[in-house]
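The values are calculated or read from the model by the stated rules, or taken from the named source; none is laboratory data. This is a predicted model, so every value here is computed, not measured. Positions of Cβ are generated from backbone atoms using ideal geometry, with glycine treated the same way; all protein chains shown enter the neighbour counts.
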Amino acid sequence: MNDQQKKQVTFDLLRKGLDKVIPEKGWDSDSFEQAFLKVIEGDMRNEWFWRKLISSPDRRLKAGLYIVHEVTFVIGYLIVIDKSDQEVLRIEAFWDRPNEWAYAQHLGKIQWLS
């Protein structure tokens with residue numbers, strides 16, 4: 001089974017479980033349905049910026065640590081973006097196991113040096 005299939009199986013199991021729990025708890029199913037649709041629209045990608053992007057001293061650029069969390073690995077990229085939101089630089093900062101305890105040591109504060 002490839003990683004996308006593993007994501008699909010996990011998603012389906014989670015959804016089946018929640019489909020049983022939601023009515024039992026009397027929760028509003030609309031919020032869950034919206035979340036499920038967002039996951040499907042995003043092709044089950046788990047990617048995000050760690051913390052808020054920081055501006056360069058002259059405010060022309062912003063930088064941040066972008067996390068790509070896959071089934072078998074997690075990669076952190078240092079990404080620099082210009083004022084038009086175009087990516088101007090992407091550097092791999094770390095690669096680790098997909099476990100928060102494994103890669104948490106790589107997360108921290110980013111600052112401009114010049």
Checking the structure you have, find out if any residue of the range 40-54 is closer than 26 Å to TYR103 by Cα, loosely packed, with under 11 Cβ neighbours inside 10 Å and touching a strand residue (DSSP E or B) at 6+ places or on another chain (Cβ under 8 Å).
yes
With the first residue restricted to the range 1-15 and required to be under 9 Å from MET44 (Cβ atoms) and among the acidic types (Asp, Glu), and the second required to be modelled with pLDDT under 95 and surrounded by 12 or more Cβ atoms within 10 Å (Cβ to Cβ), Cβ contacts under 6 Å at 6 or more apart or on different chains are none
Would you tally the residues in the range 103-114 being exposed (fewer than 13 other Cβ atoms within 10 Å of the Cβ) and part of a helix (DSSP H, G or I)?
2
Quick check on my filter: what residues within the range 1-32 are in contact with a helix residue (DSSP H, G or I) (Cβ under 7 Å, 6 or more places away or on another chain) and either of a type in the set (D, E, K, R) or outside any helix (DSSP H, G or I) (or both)?
ARG15
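Conditions (1) within 18 Å of LEU113 (Cα to Cα); (2) loosely packed, with under 15 Cβ neighbours inside 10 Å; (3) of a type in the set (Val, Ile, Thr), marked per residue:
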residue: SER31; (1), (2), (3): no, yes, no
residue: GLN34; (1), (2), (3): no, yes, no
residue: VAL71; (1), (2), (3): no, no, yes
residue: TYR77; (1), (2), (3): yes, no, no
residue: GLN86; (1), (2), (3): no, yes, no
residue: ILE91; (1), (2), (3): yes, yes, yes
Of residues in the range 1-41 being more than 19 Å from the chain's Cα centre (by Cα) and polar (S, T, N, Q), the one nearest to THR72 (Cα to Cα)
ASN2
For the range 69-96, pairs from a residue that is under 20 Å from MET44 (Cβ atoms) and at pLDDT 95 or above to a residue that is small (Gly, Ala, Ser) and in a strand (DSSP E or B), with Cβ under 7 Å and 6 or more apart or across chains, are GLY76/ALA93; TYR77/ALA93
